[in-house]
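First comes the structure, then the notes that go with it.
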Amino acid sequence: MSKKVALITGGAGFLGSHLCELFISRGHRVICLDNLLTGSKENIAHLDKKSLEFIKHDITKPLKLAGKIDYVLHFASPASPVDYARHPIKTAKVGSLGTHNALGITRAKKARFIMASTSEIYGDPQVHPQVEEYWGNVNSIGPRSMYDEAKRFSEALTMAYHRTHKMDTKIVRIFNTYGERMQIQDGRVVPNFIYQALKGRDITVYGEGKQTRSFCYVSDLIEGIYRLLMSDYNLPVNIGNPAENTILEFAKIIIKMTGTKSKIVYKPIPVDDPKQRCPDITKAGKLFGWEPKVNLEEGITRTIKYFKTKVK
Ligand code: UDP
């Protein structure tokens, strides 16, 4: 039997590169599509070139590919608040035109589709922890809106293709994830705090640090995505780690684990920064027996080790 082929948009990004790796390790062939806006070829340099084809392409532009494709994973997008503020129009386009093109390829190839949605679609949530049935509380014109609304539109378009064309589509709502191959300068809290700690610089807590996040190690997330894709479920599923910390607690954890002499300093909280975030993962457990396996201490230890190789 010939190998299954997975097309992964954003395949050279943080999550995309881990997906490329997992699909290859499970015997698939991968076409990695990326315009390298926030991704890097370095992220996929270690992968076996017999199983991986890299195509530099912006998925907001149409694309015709020869040959069969079994799975389309749409993971292209700037994903950190700093990156999407840097590239607001590109972010809005990749979550709209990009999703349209990715769905078009899926339809033409009679493939199975999954899109990377996000906990951001819940906005500043008034339901806690967040269940998939919650519709969210999103500012449609705020500084995070180009990302949040593009992802909400992506979900809507995906469901429209599922209902209209009876396509097998999946939506994964990804909560804060960290691990190897995150960009150290992407502005997110995990790389920021570890970088600051390793350099002995001040740790920048935004606001009073009372806002919460729940951090999932990348290997857990990627396994959850794989299982959802292989399931027969078509509605959105949360994947994330429900262990919740305040950002101030998280800063103290990083200080302790790196043994740094860095001090905590307080900076203004960004506009529309969600006050609390924690996934309800009951659905993923019931549907395909998924739950995270790597706790924060273990995952952060591995991540610090990785960032030590990057920080000069
Ligand atoms: N944050 C912080 N200091 C930093 C970077 C982020 O206190 O140097 C906070 C940010 O305000 C937010 C949380 O950490 O409340 C997570 O931010 P991140 O940018 O990682 O992603 P978000 O979960 O907001 O999408």
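The values are calculated or read from the model by the stated rules, or taken from the named source; none is laboratory data. The shown structure was predicted, so the numbers you read here are calculated from the model rather than taken from an experiment. Ideal geometry is used to build each Cβ from the backbone, glycine not excepted, and the neighbour counts take in all protein chains shown. SASA here: full protein model, heavy atoms, side chains in, ligands and nucleic acids out. Shrake-Rupley method; radii C 1.70, N 1.55, O 1.52, S 1.80 Å.
Summary of values
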{"item": "The chain: most fluctuating residue of PRO191, PRO292, PRO270 per GNM, C-alpha cutoff 10 Å", "result": "PRO270"}
{"item": "Within a Gaussian network of the chain (alpha carbon springs, distance under 10 Å), most fluctuating of GLY27, GLY136, GLY98", "result": "GLY27"}
{"item": "Spacing of the two label points (7 Å from each Cα toward its C-beta) at LYS166 and ILE184, in nm", "result": "5.3 nm"}
{"item": "Set LYS90/LYS305; LYS56/LYS252; LYS68/LYS310; LYS4/LYS283; LYS170/LYS312 screened for pairs whose C-alpha atoms are more than 29 Å apart", "result": "LYS90/LYS305; LYS56/LYS252; LYS68/LYS310; LYS170/LYS312"}
{"item": "Accessible surface ranking that places the most exposed of GLU208, GLU180 first, with a 1.4 angstrom probe", "result": "GLU208, GLU180"}
{"item": "Residue with peak Gaussian network fluctuation, the chain [Cα springs, cutoff 10 Å], from THR164, THR260, THR118", "result": "THR164"}
{"item": "Using alpha-carbon coordinates, inclination of helix 97-109 to the longest axis of the chain, degrees", "result": "40 degrees"}
{"item": "Listed residue (LEU296, PRO279, TYR306) projecting farthest to the positive dipole end of segment 232-312, Cβ model", "result": "TYR306"}
{"item": "Solvent exposure of the chain as accessible area per residue, Å², 1.4 Å probe", "result": "45 Å²"}
{"item": "Globularity index of segment 141-236, i.e. its alpha-carbon radius of gyration over 2.2 N^0.38 Å", "result": "1.40"}
{"item": "Degrees, to the nearest 10: 189-199 long Cα axis against longest axis of the chain", "result": "50 degrees"}
{"item": "Value of [θ]222 nm, deg cm²/dmol, for the chain, DSSP H segments ≥ 4, -39500 (n - 2.57) each, nearest 500", "result": "-11500 deg cm²/dmol"}
{"item": "Built amide H within the under 5 Å cut-off of ARG112, gap 5+", "result": "TYR71, VAL72"}
{"item": "Segment 103-146: trypsin sites (Lys or Arg not before Pro) falling in loop per DSSP and having at most 15 other Cβ within 10 Å", "result": "LYS110"}
{"item": "Residue-count net charge about ARG86 - beta-carbon cut-off 15 Å; Lys, Arg +1, Asp, Glu -1", "result": "+2"}
{"item": "Degrees, to the nearest 10: 296-310 long Cα axis against longest axis of the chain", "result": "90 degrees"}
{"item": "Dipole magnitude of the chain about its Cα centre (Cβ charges: Lys, Arg +1; Asp, Glu -1), debye to nearest 20", "result": "940 debye"}
{"item": "Given charges at Cβ of Lys, Arg, Asp, Glu: segment 86-132 dipole, positive-most of MET115, VAL94, GLY104", "result": "GLY104"}
{"item": "Relative contact order, percent, the chain [alpha-carbon distance under 8 Å, six or more residues apart]", "result": "17 percent"}
{"item": "Residue-count net charge about TYR122 - beta-carbon cut-off 15 Å; Lys, Arg +1, Asp, Glu -1", "result": "-3"}
{"item": "Reciprocal mean inverse distance between Cα atoms of segment 184-241 - Kirkwood radius, Å", "result": "14.1 Å"}
{"item": "Loop chymotrypsin sites (Phe, Trp or Tyr not before Pro), segment 110-204, which have at most 14 other Cβ atoms in a 10 Å radius of their Cβ (DSSP)", "result": "TRP135"}
{"item": "Candidates per trypsin sites (Lys or Arg not before Pro) in segment 189-232, loop by DSSP, up to 15 other Cβ within 10 Å", "result": "ARG201, LYS210"}
{"item": "The chain - percent of accessible surface contributed by carbon and sulfur, probe 1.4 Å", "result": "55 percent"}
{"item": "Radius, Kirkwood style, for the chain when every pair of distinct Cα atoms is counted (Å)", "result": "19.7 Å"}
